[in-house]
Amino acid sequence: MNTNEQPTHIYCLAEKRVVTHFFQKKDCQCIKFHLFQHTIGIKLTMEEAAAQAFIFFLAGFETTSTTISFALFEMAQNDSIQQLAREEVRRLFEKHEGLTYEAVTEMGYIDTILFETMRKYPPAPVFLRKCTQTYKIPNTEVYIKEGQSVLIPCYGLHRDPEYFPDPDVFDPERFSAENKSKIWDYTYMPFGDGPRNCIGMRFAMIQAKIALSIILKNLKFNLSKKTKLPLTMEKKGIILAPIGGLWLDIKPIRDQST
Ligand code: HEM
């Protein structure tokens, strides 16, 4: 790092963690860190360690919380979907005696809700690639030149009526076991695609299902008048976010049989 620059918060945190924990205490984590460096044959500099910590923080936090918020927003407007999801949670909590890994993996309906939420509101609305080899798009005269940046319009593809009829309608059934296979390749990519797709995909799905199941079991929610409809999205952010936020009226469920 350039010593004239102020270290970033993430850099300081990473340095504290790596230096004190890995290098001075020489505990189990330290051995794992050295083994990892040895195995892949790469030595991480402090800046690289800080960059990795930063991308995990950026990519792993807001994306999942945004997805959970939009899922609640859609369920607040679709009471039958909210009720079906709650029934699934109750059934699986009863079957598995609480919130277990098995219960989470069997939450098929909530899976479809999350997939449909990420179709309508992909947290990363666009992502980028850099062309490494000049490529001619088949049956056209269009060339993508080496070194050229390519922007992949995930939000646009997900809302294209050619691939998703009535794209503004929230319909988890699009992702039912029967319908999922009918979706065209590369038209649905909330986690990106290829060797650099989202590394946290499985973790994100589990995390979101745990959060949603606890919320659905204990709370009932409706749309608050404070939410401005139709939603308009912030134009400057990296992660999709509605202007003015999402507001819900939330009530605790006292009688678990309702
Ligand atoms: C709903 C939640 C999430 C969504 C929608 C999401 C989406 C994405 C997308 C679109 C990319 C770019 C993929 C590409 O360019 O092909 C990405 C990359 C990445 N994501 Fe996620 N993500 C989520 C959660 C997470 C979580 C929980 C973590 C970590 C704990 C994470 C870590 C990463 C990392 C490290 C990358 C960069 C991978 C690379 O460049 O090789 N993400 N994510």
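Numbers below:
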read-out	value
Residues within region 57-83 that are exposed (fewer than 13 other Cβ atoms within 10 Å of the Cβ) and near the ligand (Cβ under 8 Å from one of its atoms), tallied	1
Residue pairs meeting the criteria (Cβ under 9 Å; at least 6 apart or on separate chains; first over 19 Å from residue 63 (Cβ atoms) and more than 9 Å from the ligand (Cβ to nearest atom), in region 116-141; second of a type in the set (A, V, I, L, M) and part of a loop (DSSP other than H, G, I, E, B))	136/142
Failed criterion for residue 239 (all others in (1) at pLDDT 95 or above; (2) hydrophobic (A, V, I, L, M, F, W, C); (3) within 16 Å of the ligand (Cβ to nearest atom) hold)	(1)
Residue count for region 102-115, restricted to those that are without any contact (Cβ under 8 Å) to a residue 12 or more places away in the chain and of a type outside the set (S, T, N, Q)	1
Entirely in region 95-166, the helices (runs of 4 or more DSSP H) that have 3 or more residues that are crowded, with 16+ Cβ neighbours inside 10 Å	108-120, 154-158
Residues (at pLDDT 95 or above and either touching a helix residue (DSSP H, G or I) at 6+ places or on another chain (Cβ under 6 Å) or charged (D, E, K, R) (or both)) located in region 247-258	248, 249, 251
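The values are calculated or read from the model by the stated rules, or taken from the named source; none is laboratory data. A quick note: this is a predicted structure, and the numbers were derived from the prediction, not measured. All Cβ positions, even for glycine, are placed from backbone atoms using ideal geometry, and neighbour counts span all protein chains on display.
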